[in-house]
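A short reminder: the numbers here are calculations on the coordinates, not readings from a lab. It should be emphasised that the depicted structure is a prediction, and the values quoted were computed from it without experimental measurement. A quick note on method: Cβ atoms are made from the backbone with ideal geometry, for glycine too, and the neighbour counts reach across all protein chains shown.
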Amino acid sequence: PRRLVVLGGGAIGCEMAQAFARLGSRVTQIEAAPRLLAREDPEVSALVQDALQGDGVRVLTGRTAIRCGRDDDKWIEVEGAGRIPFDEILVAVGRRARLTGLGLEDLGIPTEAGLDTNAYLQTRFPHILAAGDVAGPWQLTHAAAHQAGIATANALLGGLWRLKATGQAMPQVIFTDPELARIGLSETEARDQGVPHEVTRYDLAGLDRARTEGAARGMVKVLTPPGKDRILGVTIVAEQAGEMIAPFVLAMRHGLGLSKILSTIHAYPTWSEAAKATAGAWRRTHVSPRALDLAARFHRWRRG
């Protein structure tokens with residue numbers, strides 16, 4: 001469409017706003033919250049908003065859509081911005097599963113807020129399983145695929161053997177440009193939940209592959225407990241963030257710390273080197289002063 005209104009500033013709203021702007025639409029994005037991607041850290045939201053605006057998207061945050069209408073033109077009235085004309089409107093303010101008409105109510109299975117399942121994706125009837133958006137808690141394609149495999153195995157194996165679907169390290173990627181990938185806690189969530197943490201940050205301006213491709217904007221941010229290398233959460237803003245998150249997902253899934261990533265050989269020059277560089281940045285801030293002093297004494301002795 002020539003003029004498009006995108007209602008919503010979440011992942012889908014941001015992806016679609018940028019995509020249609022690059023296809024030539026004049027896009028206005030409206031979000032009631034004070035900023036886009038309200039669940040992410042403020043600096044991350046700002047990076048994504050700058051990218052959208054750079055592609056020509058008109059971003060209106062902290063504005064409530066009041067009503068739509070049509071006279072000579074279609075329009076949406078927005079608090080503080082008046083009437084905005086449009087040709088098409090894309091509503092991206094959330095979704096929920098449609099579960100009516102499947103006979104679940106007849107079995108006494110509540111359907112108002114998705115399906116309630118246990119750790120094995122079973123409903124109140126063990127032979128009726130649910131996976132994906134209907135089961136939650138994630139609304140992600142790869143989460144649905146992962147749960148589908150578990151639900152299928154549990155259904156086929158009956159009561160002989162069961163797999164748990166809980167406790168997974170679940171990444172998520174927002175496919176704007178640059179991409180935004182995250183797993184675990186963000187810095188904002190850790191602070192709000194009172195989780196003690198340290199932040200290690202690596203700017204992509206120091207990554208050779210990013211500089212070679214002219215895409216050195218963005219960063220990797222890792223949260224760890226004070227003095228420890230266990231990963232609490234990772235946020236990446238980069239052109240290849242969805243690819244770069246994989247080593248951190250593996251590490252969190254299997255309880256590996258940043259030291260293990262640092263000791264792993266990474267091919268050069270690649271985007272994945274950012275994981276090792278971030279681990280190196282963490283290590284440099286956690287070197288024992290006593291060990292440094294002993295090393296200095298040793299080398300002074302060697303020099304004589």
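Numbers at a glance
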quantity: Debye log10 I(q)/I(0) for region 3-91, one point scatterer per Cα, at q = 0.18, 0.23 Å⁻¹; calculated: -0.71, -1.12
quantity: Antiparallel DSSP beta bridges within the chain, percent to nearest 5; calculated: 70 percent
quantity: Listed residues Ala274, Met16, Gly242: farthest to the positive end of the dipole of the chain (Cβ charges); calculated: Ala274
quantity: Estimated FRET transfer efficiency when R0 is 45 angstrom, pair Arg303-Arg211 (beta carbons, to 0.05); calculated: 0.75
quantity: Region 233-250 and region 46-102: distance between their alpha carbon centers, rounded to Å; calculated: 29 Å
quantity: Violating pairs (Cα-Cα greater than 22 angstrom) within the set Lys228/Lys260; Lys164/Lys276; Lys221/Lys260; Lys164/Lys228; calculated: Lys164/Lys276; Lys164/Lys228
quantity: Mean residue ellipticity (222 nm) of the chain, computed from DSSP H runs ≥ 4 via -39,500 (n - 2.57), nearest 500; calculated: -9500 deg cm²/dmol
quantity: P(r) tail fraction, the chain - alpha-carbon pairs more than 33 Å apart, %; calculated: 42 percent
quantity: Size descriptor, Kirkwood hydrodynamic radius, that averages inverse alpha-carbon separations across region 202-245, Å; calculated: 11.2 Å
quantity: Additional length obtainable on full extension of the chain from Leu102 to Trp161, 0.36 nm per residue less Cα span; calculated: 18.4 nm
quantity: Cα-based convex hull volume of region 120-165 per residue, rounded to whole Å³; calculated: 57 Å³
quantity: FRET efficiency, 1/(1 + (r/R0)^6) with R0 41 Å, evaluated for Asp71 and Thr152 via beta carbons; calculated: 0.20
quantity: Listed residue (Pro171, Leu102, Leu232) projecting farthest to the positive dipole end of the chain, Cβ model; calculated: Leu232
quantity: Of all DSSP beta bridges in region 1-121, antiparallel share, percent nearest 5; calculated: 40 percent
quantity: Paired Rg and Dmax values of region 151-304, which use every Cα atom, in angstrom; calculated: 19.2, 73
quantity: Counted charge near Ala215, where neighbours are those whose Cβ lies closer than 9 Å (Asp, Glu -1; Lys, Arg +1); calculated: +1
quantity: Karplus-derived 3J(HN,Hα), 6.51/-1.76/1.60, for each residue of region 227-236, Hz, glycine and proline x; calculated: x, 10, 9, 5, 8, 8, x, 9, 10, 10
quantity: Rel. contact order, % - alpha carbon contacts under 8 angstrom, at least six apart, region 191-304; calculated: 23 percent
quantity: Among Ala65, Gln139, Val195 - extreme Cα towards positive end, dipole of the chain, charges at beta-carbon; calculated: Val195
quantity: Region 44-125, relative contact order [Cα under 8 Å, separation at least 6], %; calculated: 13 percent
quantity: Sequence-separation-based contact order of region 98-250, relative, with Cα cut under 8 Å and 6+ spacing, percent; calculated: 17 percent
quantity: Span-rule helices in the chain, defined as complete DSSP H runs reaching 20 Å or more along the axis (Cα) with Kyte mean at least 0.0; calculated: 141-157
quantity: About the Cα centre, charge dipole magnitude for the chain (Lys/Arg +1, Asp/Glu -1 at Cβ), debye; calculated: 1420 debye
quantity: Charge dipole magnitude, Cβ of K and R +1, D and E -1 - region 11-82, Cα centre, debye nearest 20; calculated: 160 debye
